[in-house]
Amino acid sequence: MSTNIENLAAKEYEDLLVRNGLKRTGARIQVLNILSNRNSATSQPYLENLVGKDIDRVTLYRILKAFEEKGIIHKVLDNQGTANYAICSGACSEHHHEDGHVHFNCSKCLRVYCLDEVKVPTLKMPKGFEIEQINLIVEGICIDCKSSN
Ligand SMILES: [Zn+2]
Ligand SMILES: [Zn+2]
Ligand SMILES: [Zn+2]
């Protein structure tokens, strides 16, 4: 039964790749699968660890870069400066991200969460300054760490 669900998901990932003009490779599907099935963003070292021998670092780097360019995933730097990756909401497209949500960095488990329901507030810039992107990271204790106390 679980096999059916996995197959269905794999089909969706394949469609997503095709829609974005990317070839369906096992490595790309594997990365999509990992990033989609976590409730928080995935840090690059953790991802490297997970894919281990299956995908070499250069390939992984290229996959992440391509996904980011296509608006499939977005990158968040946590307070340690480590890159974390999360699946985008449907609003993103090639060279145009619309991930206007706040990120939450847990100071205990160090996970980065996409808080889709918390929107980045609009900021009024001084005259002559044009905003391209706002990264807002909130630090604190996440729900998992809070409840395990
Ligand atoms: Zn995005
Ligand atoms: Zn936590
Ligand atoms: Zn996010």
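Bear in mind that the values in this text are calculations on the coordinates, not laboratory data. Please read these numbers as outputs of a predicted model, since none were measured by experiment. For neighbour counting, all protein chains shown are included, and Cβ atoms are generated from backbone atoms with ideal geometry for every residue, glycine included.
With contacts defined as alpha carbon pairs under 8 Å and 6 or more residues apart, what's the relative contact order of the chain in percent?
Averaging sequence separation for qualifying contacts and normalising by length gives 18 percent for the chain.
Within region 12-118, how many Lys pairs that are eight or more residues apart, or on different chains, come under 28 Å at the alpha-carbon?
Going through region 12-118 pair by pair, I get 9.
To the nearest 20 Debye, how big is the dipole of region 2-147 about its Cα centre, given +1 on the beta carbon of each Lys and Arg and -1 on that of each Asp and Glu?
Working: 18 positive and 19 negative charges, 39 e Å.
Using only the charged Cβ atoms, the result is roughly 180 debye.
Mind checking region 46-149 for GluC sites (Glu not before Pro) that DSSP puts in a loop (not H, G, I, E or B) and that have at most 10 other Cβ atoms within 10 Å? Write down the numbers at each step before the final one.
On the way: sites: Glu48, Glu68, Glu69, Glu94, Glu98, Glu117, Glu130, Glu132, Glu139; in loops: Glu94, Glu98, Glu130, Glu132.
Passing sites in region 46-149 are Glu130, Glu132.
For the pair Glu69/Glu117, report the inter-label distance in nm, with labels modelled 7 Å from Cα in the Cβ direction.
3.7 nm
Helices from the chain with mean Kyte-Doolittle at least -0.5 and a Cα length along the axis of 24 Å or more, per DSSP H: which?
2-19
Counting only residues 5 or more places away or on other chains, whose amide H sits under 5 Å from the amide H of Cys88 once H atoms are built in the peptide plane?
Amide H to amide H, under 5 Å and 5 or more residues apart or across chains, Cys88 pairs with Ile73, His74.
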